[in-house]
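Structure first, then comments.
Where a number appears in this text, it was derived from the coordinates with a stated rule and is not lab data. Fair warning: this is a prediction, and the values are worked out from it, not measured in the lab. Note that each Cβ is placed from the backbone with ideal geometry, even for glycine, and that neighbours are counted across all protein chains shown.
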Amino acid sequence: MATLIHDTTIVTVDDADTVHHDASIAIEGGRIAAIGANDALRARFPDAERIDGRNRMVMPGFANIHTHLGMTLARGIFEDLSPPHAPPFCGGLSPLPLPPLSREETGVMVQLGALEALRSGTTALLEDGAGIAGYAGLLETTGLRLLLAERAWDRAKAGIGDPGPFEVSERLGDEGMERIARLHAEWNGKAGGRIKVGVAAWAPDMCTPGMLKRLRGLQQSLDCVCTVHLNQIWGEVAAVQAHRGMLPTEYLHAEGFVSDRMVAAHCRCMAHREERLLGQARARVSFNSAIAARRGLSPRIQVLEAEGCTIGMGTDNMAEDMVEVMRTGLFMERIRREDGRSPTPEHALRWATRNGYAAMEVPDGGWLAQGNRADLIMVRTDRAHLVPRMRPVSGFVHQGQAADVVDVMVDGAWLMRDGRVLSMDEEVIVAEADRIARRAWAKMFADNPGLEVPRGFAPPA
Ligand SMILES: [Zn+2]
């Protein structure tokens, strides 16, 4: 049965950034059947379920092309514990370890992240993780469009950003390769093609040349997207220089890992010749603006884009709010460019929607046009912070909030309607996640009295 959203504002993110005012959009069989005048579409789809779109705006959903859903466990703690930007570099992205969780507990934290993603209007998501098979089933039930990128590496006893000795572990490398192959065999193409599986190299300073070659070979044989954390922190740059005698992107390029099917996350601590290498390869870049701002580091998006990269956006750790990411990206780039007019809100919206879909190799998603996938959101616009409604895109990019998103649809199926999440039990997940995380952190600090407890840390309830 068709669905007709009528008398509404439709933000398309098409080539001309068309916005339809007081129009209708028809959805049928998981696709957008038509966009047009209210009367015409009412006549064309007389039996459609009608949804009153007044005081609503229909937009493409957001694509979060770099996240780790289970890192919601570190929310409120890791945001303020970034590694140093100058030597001595210590390795790792936080001075505190993550407390261990059971598989079931991890699943709850992953669902918490997926809930926040949905609530902020995310319809497509690239999850980078080690051991995704442990929660892929839970992710399937969220209804989100997914690219699951299982991670591999072969450096032992070190984390990202450690210029110390590189201890190779063939076992780690083999296990990673097997996890990717197994996840791909089990999940690629599942849920009517809504789920795809890709390859992730952890980071340049966590992989030997041999590991990078194996991963690139696997990517080619599986015919899939690959991703990598790249030029994330200055410690990583120092480590690759110490181990390989070159810069991180040069190292990946020398080993044949850089391609037009690679999603490079971060790209912050980069020389211009590295930005040029990525652009020449037509690589995709995940601009993780909110975590970048938290770390006090920012990529040169204008340069990367001018060199030829496709810019998408991601949340990375702890938060899944793409509305915040989109606005932070616009703000950070305006500061970097010292230009209060560039990028435009339309440009930032494109990064967060259509470009992200393109990076996930879903070219007919992330923008609204006849025949495209029905991955869309509805935003309530009769809010104090969103009126007057003269320029809907600018209004939402500059003033919108995740809570304005009231409806989410993926492949023509509603995942949230009128502010209620349909695909997950929100109340149970939120309560459970709070209990699990509080208990896990309190236990870790109790078991390790040498660890410094962050200021303001509350004991378990
Ligand atoms: Zn990351």
Under 10 Å, Cβ to Cβ, from ASN231 - net charge with Lys/Arg +1 and Asp/Glu -1: -2
For labels at GLU49 and ARG273 in the simple 7 Å Cα→Cβ model, what's the distance in nm? 5.8
For the chain, projected area of the alpha-carbon convex hull averaged over all directions, nm²: 21.6
If you average the sequence gap of Cα pairs under 8 Å that are 6 or more apart and divide by the length of the stretch 67-146, what percent do you get for the contact order? 37
How big is the stretch 241-359 along each principal axis, measuring the range of its Cα positions in Å and listing the largest first? 38, 29, 28
With 10 angstrom as the radius, rank SER120, SER394, SER259 by how many other C-beta atoms surround their C-beta, starting from the fewest. SER394, SER259, SER120
Normalised by the residues of the stretch 261-307, what does the relative contact order come to in percent, with Cα pairs under 8 Å and at least six apart? 50
Multiplying the sequence separation of ALA446 and GLU28 by 0.36 nm and subtracting their Cα-Cα distance, what value in nm do you get? 144.9 nm
Let me make sure I get this right: for the stretch 291-377, a, b and c are the square roots of the gyration tensor eigenvalues over alpha carbons, sorted descending. Under 1.5 in a/c it's rounded, otherwise prolate if a/b > b/c, else oblate. Which is it? prolate
For ARG179, what charge total do you get from the other residues with a beta carbon under 14 Å from its beta carbon, if Lys and Arg give +1 and Asp and Glu give -1? -4
Using θ = phi - 60° and the Karplus form 6.51 cos²θ - 1.76 cosθ + 1.60, what ³J(HN,Hα) does each residue of the stretch 216-225 get, whole Hz, x for Gly and Pro? 5, x, 5, 4, 5, 6, 7, 6, 9, 6
Using Cα-Cα distances under 8 Å and only pairs 6 or more residues apart, what relative contact order does the chain have, in percent? 19
Can you give me the Kirkwood hydrodynamic radius for the stretch 1-72, using every pair of distinct Cα atoms, in Å to one decimal? 13.4
The local net charge around MET109, scoring Lys/Arg +1 and Asp/Glu -1 for residues other than MET109 whose Cβ lies under 14 Å from its Cβ, equals -2
At what distance in nm do the modelled label points of GLU178 and ASP223 sit from each other, each positioned 7 Å from its Cα along Cα→Cβ? 2.7
Give the residue list of GluC sites (Glu not before Pro) in the stretch 312-352 that are DSSP loop and have at most 10 other beta-carbon atoms within 10 angstrom. GLU338
Sites removed, the longest contiguous part of the chain containing no DSSP-loop trypsin sites (Lys or Arg not before Pro) with at most 14 other Cβ within 10 Å is 158-340
